[in-house]
Amino acid sequence: MDDPSLWTLVLLGLAGLLAGWVDAVVGGGGLVQLPALVIGLPGASPVQILATNKLGSVCGTTVSSMTYYRRVRPDPRTFVPLMVLAFCGSAAGAVVASSIPKQAFYPIILVVLVLVGAYTLLRPSIGHVTELRFAGHHHTLAAMVAGAVIGFYDGALGPGTGSFFVFALVGLLGYSFLEASAKARIANWATNVAALCVFIPQGAVLWKIGLVVGGANLVGGYLGARTAVARGARFVRVVFIGVVGAFTLKIGYDVVRAWLG
């Protein structure tokens, strides 16, 4: 494909900045960054878009993970098994990314998003404080299952992965939104790295574009993590509901458009 214009790179950089901020606060930055890459790079293949998106995202999740770790100190007994299984699941998803049609996933994702949004709205107290629902090996097993399933989705498609991690940690394991965001960023970093381990040997990454988007995503990720830590769990919950609502509308539009032909 031809090199993008300077104007296109600037717009993709701005999209990366916003995506990094959203992703650091609550996940779902791919809702901004992936469509921007699709629009800005009409000559790129789907795998190139996915691979370049991962390069941009890994920059933001690296800095936001480090910021959260220093300021929140997430429990390694949860984020380590979550991260390891998420890495394995993402690598498996990336391997089959080019052969899975989006239409096969999107109706399922739409239903999940509606349920996630409704559950969060109907339970206003959820995620304000940490009240763990499992202990010992059951807690670890729940984290591992969530990591493997969401990691596979991230490697195969990707948008909304951080939000799914946050909801799994809040709704399934019982963490507050702030602690869930800290662990979700670390798991999301692992899924991005795993996908790149598959995409880079394939030569799918558009490096110039990915590094521009990644630099902007890094700045957004740093600012987003600091904002979330400063504002607390209630702020993260509000952003989470907004991102899930926007993602539901986007996926719903894609599903309806596919059904109408």
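The values are calculated or read from the model by the stated rules, or taken from the named source; none is laboratory data. The structure presented is a predicted model; accordingly, all values stated were derived computationally and were not measured. All Cβ positions, even for glycine, are placed from backbone atoms using ideal geometry, and neighbour counts span all protein chains on display.
Apart from one condition, F235 fits all of (1) aromatic (F, W, Y); (2) closer than 20 Å to L50 by Cβ; (3) surrounded by fewer than 20 Cβ atoms within 10 Å (Cβ to Cβ); the exception is (2). Per the listing G224, G210, G203, G155, the residue uniquely in contact with a helix residue (DSSP H, G or I) (Cβ under 8 Å, 6 or more places away or on another chain), over 15 Å from V22 (Cα atoms), modelled with pLDDT of 90 or more and not β-branched (V, I, T) is G210. In the range 1-19, of all residues being in a helix (DSSP H, G or I), in contact (Cβ under 8 Å) with a residue 60 or more places away in the chain and not hydrophobic (A, V, I, L, M, F, W, C), the one that is surrounded by the most Cβ atoms within 10 Å (Cβ to Cβ) corresponds to G16.
One residue stands out among those in the range 160-181 that are buried (at least 24 other Cβ atoms within 10 Å of the Cβ) and assigned to a loop (DSSP other than H, G, I, E, B): the one that is nearest to the chain's Cα centre (by Cα), which is G160. Determine, yes or no, whether T78 is polar (S, T, N, Q) and either over 20 Å from I150 (Cβ atoms) or surrounded by 22 or more Cβ atoms within 10 Å (Cβ to Cβ) (or both). So T78 passes the test. A residue that is surrounded by fewer than 20 Cβ atoms within 10 Å (Cβ to Cβ) and within 15 Å of the chain's Cα centre (by Cα) occurs somewhere in the range 193-205. Those helices (runs of 4 or more DSSP H) of the range 20-137 in which 1 or more residues are touching a residue at least 60 places away in the same chain (Cβ under 8 Å) and touching an Asp or Glu at 6+ places or on another chain (Cβ under 7 Å) occupy 46-72, 76-95, 102-122.
All conditions but one from (1) over 21 Å from L82 (Cα atoms); (2) in contact (Cβ under 8 Å) with a residue 24 or more places away in the chain; (3) assigned to a helix (DSSP H, G or I) apply to A204; the one that does not is (3). Does V145 meet the test of being part of a helix (DSSP H, G or I) and surrounded by fewer than 24 Cβ atoms within 10 Å (Cβ to Cβ)? Criteria met by V145.
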